[in-house]
Amino acid sequence: MEASTLQLVASHGGWRLIDNGEPSFWFLERDQAMHHAALIADVRANLRHISTRIEATNDSGKFELVASFP
């Protein structure tokens, strides 16, 4: 089964969306980045049947699972 990971990383005063290791988009606010990541993950899971995880860096810079779309 195919799987993908979207990561939100604090970057230059905003948030970078990393799509399977490749920088994709930059957002000023974390909520905005999370909204777009959830939209991408939902489409992948429901239309393409690709399980997708969303991870975000915490205050100590480590990735934490934020959401998972089966």
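Just so it is clear, none of the values below were taken in a lab; they were calculated from the coordinates. On a predicted model such as this, the values are computed, not experimentally measured, just so you know. Quick reminder, even Gly has a Cβ in these numbers, built from the backbone with ideal geometry, and neighbours come from all protein chains shown.
For residue 50, the amide hydrogen comes within under 5 Å of the amide hydrogens of 45, counting only partners 5 or more places away or on other chains and with H modelled in the peptide plane.
Spin-label model, residue 50/residue 3: points 7 Å from Cα along the beta carbon direction are separated by 1.5 nm. Calculated from the structure at hand, Cα extents along the principal axes in Å is found among (i) 37, 23, 19; (ii) 55, 16, 15; (iii) 34, 20, 19 as (iii).
To test your reading of the geometry: what angle, between 0 and 90 degrees and rounded to tens, separates the Cα axis of helix 30-47 from the longest principal axis of the chain? The two axes meet at around 10 degrees. Computed about its Cα centre, the charge dipole of the chain is approximately 100 debye, with only Lys, Arg, Asp and Glu carrying charge at their Cβ.
A simple spin-label model places pseudo-atoms 7 Å from Cα toward Cβ; at residue 64 and residue 39 they are separated by 2.5 nm. Helical runs (DSSP H, four residues minimum) scored at -39500 (n - 2.57) apiece and divided by the length of the chain put the mean residue ellipticity at 222 nm at -8500 deg cm²/dmol.
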